[in-house]
Amino acid sequence: MSLDVSPALLEQAERGEVDEAAFVDCVRTSLPFAWDMISTLVARLQVDGGEFADNTTPPPDEQARGQLLRALASDAIRGALERHFGVKLAFQNCHRVAVFPLGATSEPSLKRFTSIRGQILNQSPELRDC
């Protein structure tokens, strides 16, 4: 799943610096499943508080899965989303995405989530093809 880059945004990139807000909007419109998942997790974290908010429901189809992978596998997209939402994103597999508040208080939870142990404990036979 590629981004649907407008001619104006492409022209910006060709000239030099790209407006990050325009890039984030391109991500929002190009990867709506990923955007909705991340924004829902951010809202849940803000409302419920806690150490982090995560998703454990697999994407409904391969297109949605591709959007999520594209958003989190790209350093540029992931970084722009983290700055936009003011969170740290963590990713264990094709659907286990978590958002962590920025700051030292979230570091222990983030380290546990992103550890080798955390990755192993999140595996199951159902996720082998994910």
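Here the Karplus relation 6.51 cos²θ - 1.76 cosθ + 1.60, evaluated at θ = phi - 60°, turns the backbone of the range 27-44 into coupling constants of 4, 4, 7, 7, 10, x, 5, 4, 4, 4, 4, 5, 5, 5, 5, 4, 4, 4 Hz, with x for every Gly and Pro. Distance between the C-alpha centres of the range 43-112 and the range 6-25: 24 Å, rounded to the whole angstrom.
The slack in the chain from Ser2 to Thr56, taken as 0.36 nm per residue of separation less the alpha-carbon distance, amounts to 17.0 nm.
Over the range 1-101, give the accessible area per residue in Å² for a 1.4 Å probe, as an integer.
Working: 5280 Å² over 101 residues.
Dividing the accessible area of the range 1-101 by its residue count gives 52 Å².
Residues whose amide H lies under 5 Å from that of Ala53, counting only those 5 or more places away or on a different chain, are Val99; hydrogens are built 1.01 Å from N in the peptide plane.
For the range 18-118, the dipole from Cβ point charges (+1 on Lys and Arg, -1 on Asp and Glu) about the Cα centre works out to 340 debye, to the nearest 20.
The values are calculated or read from the model by the stated rules, or taken from the named source; none is laboratory data. Computed from a predicted structure; not experimentally measured. Counting neighbours? That spans all protein chains shown, and the Cβs are built from the backbone with ideal geometry, glycine included. Just so you know, the surface numbers come from the protein's heavy atoms only, side chains and all, with ligands and any DNA or RNA stripped out. Shrake-Rupley method; radii C 1.70, N 1.55, O 1.52, S 1.80 Å.
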